[in-house]
1. Picking from Asn153, Asn116, Asn183, which is most flexible by a Gaussian network model of the chain using Cα springs under 10 Å?
2. Below 8 Å, C-alpha to C-alpha, sequence gap of six or more: please give me the relative contact order for the chain in percent.
3. Please give the direction-averaged projected area of the C-alpha convex hull for the chain, in square nanometres with one decimal.
4. Show which aspartates and glutamates lie in cross-link reach of Lys206 when reach means a straight Cα distance below 14 angstrom and same-chain residues fewer than eight apart are skipped.
5. Gaussian network model of the chain, Cα springs within a sub-10 Å range: biggest mean-square fluctuation belongs to which of Ser103, Ser17, Ser144?
6. Report the full-extension gain for the segment Ser7 to Ala176: residue separation times 0.36 nm, less the Cα-Cα distance, to one decimal in nm.
7. Tell me the relative contact order for region 182-241 as a rounded percent, counting alpha carbon contacts under 8 Å between residues six or more apart.
8. Can you give the local net charge around Asp246? Use residues other than it whose beta-carbon is closer than 13 angstrom to its beta-carbon, Lys and Arg +1, Asp and Glu -1.
Amino acid sequence: MTKTPDSQVAIITGAGSGIGKHASILLAQHGVKTFLIDFDSVSGQNTADHIIKSGGESFFEKVDVSQPDQMEKAVNKCIELYGGLDIGVNSAGIAGARELTHSYSISDWNKLIEINLTGVFISMKYQITKMVANGSGRIVNISSIAGIVGLPNASAYVAAKHGVIGITKTAALEYAKNGISINAISPGWTRTDLIKNMIDDESKEKSIRLRHPTERLVEPEEIAQTILWLCTQSPDSLTGAVIPVDGAFTTK
Ligand SMILES: NC(=O)c1ccc[n+]([C@@H]2O[C@H](COP(=O)([O-])OP(=O)(O)OC[C@H]3O[C@@H](n4cnc5c(N)ncnc54)[C@H](O)[C@@H]3O)[C@@H](O)[C@H]2O)c1
C-alpha cells in the first residue's frame, strides 16, 4: 500500500533553484521529509532554511551529482537521518554551451554529459539500491522537450536529455517487479535561472513564449505539481512514462 506523504522521505537533486527548489518546497508542504542536494551550498541551504521556517523537515547536503562517492555518502546520510528513502527527484542540471555540433568543444560536451546524464544515472543507482531493499519507491527524472525532439545549438543537452529518457525507461522495466515506479517529466521552457539569459528582455521572452502553443512559458510550480502527483498520488501502474509539461510544444 502507498504510504501517506507525511511518512515519506525524498532526496531532491538541484534543490537550490528552479524546478528542484519548487518541488522540494511543495513536497515538504505535503509532509514529505526532504533531503536536499545541490553543488551550490548557499542556494541549497536557503531552500532548506525556507522549508524549516515554514514548519517542514529538511536537510541540505552539498553534493556534485556527477561524483559517485559524494552521492553514495549522501544517500547513506539520508537513511541515517530520516530512516529510509521513498522518493528520488533528479532535477540537477546545467544548460551548457550553445554551439553548432561541429563547433561544440569536447570539454563542454563531456561536462554536460557528466552532469545531465551521468549525474542522473549516479543518483538513480544509489537511490534504487535503497529502494530495492525496501521493496518500494518512486523516482522522477527531469528530462526536457530536448529529450523528445532536437534543438539546434544544443547537441550535448539534447543527447543527455534523450539519454535520461532512455535510462528512465530501462530502469522502469528492470524494477517494475520491485514496487519502484520510475518516470520522466519533459518540461518546455520553464521560468528558472537556467534560461534567464534567454528571456532577459521582452522580445527574447516573447520569442521563447510563442514557441509554445499555449503562448506562455511553463512555470516551475507546474513542474513541481506534476512531481508531487507522480511521487505521492499517481497509480502504481504508471511507470516508464515520459510526461511532457510543455504547453503542447511536442504535440505540434
Ligand atoms: N528551465 C527550463 O527551461 C528547463 C526545461 C526543460 C528541462 N529543464 C531541466 O530541469 C532541471 C532543473 O533545471 P532548472 O530549470 O530548475 O534550472 P536551475 O538552474 O534553476 O536549477 C538547477 C540546479 O541544479 C544545480 N546543479 C547543477 N549542476 C549540479 C551538479 N553537478 N550537482 C548538483 N547540483 C547541480 C544548480 O546549482 C541549480 O541549483 C535541469 O535538469 C534542466 O535541464 C529545465
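1. Asn153
2. Over the chain, the number comes to 19 percent.
3. 13.1
4. Straight-distance partners of Lys206: Glu215.
5. Ser103
6. Additional length available on full extension: 58.6 nm.
7. 48
8. +2
The values are calculated or read from the model by the stated rules, or taken from the named source; none is laboratory data. Quantities reported herein were computed from a predicted structural model and do not represent experimental measurements. Here the Cβ is made from the backbone with ideal geometry for all residues, glycine too, and neighbour counts use every protein chain on show. These area figures cover heavy atoms from the full protein model, side chains too; ligands, DNA and RNA do not enter into them. Shrake-Rupley method; radii C 1.70, N 1.55, O 1.52, S 1.80 Å.
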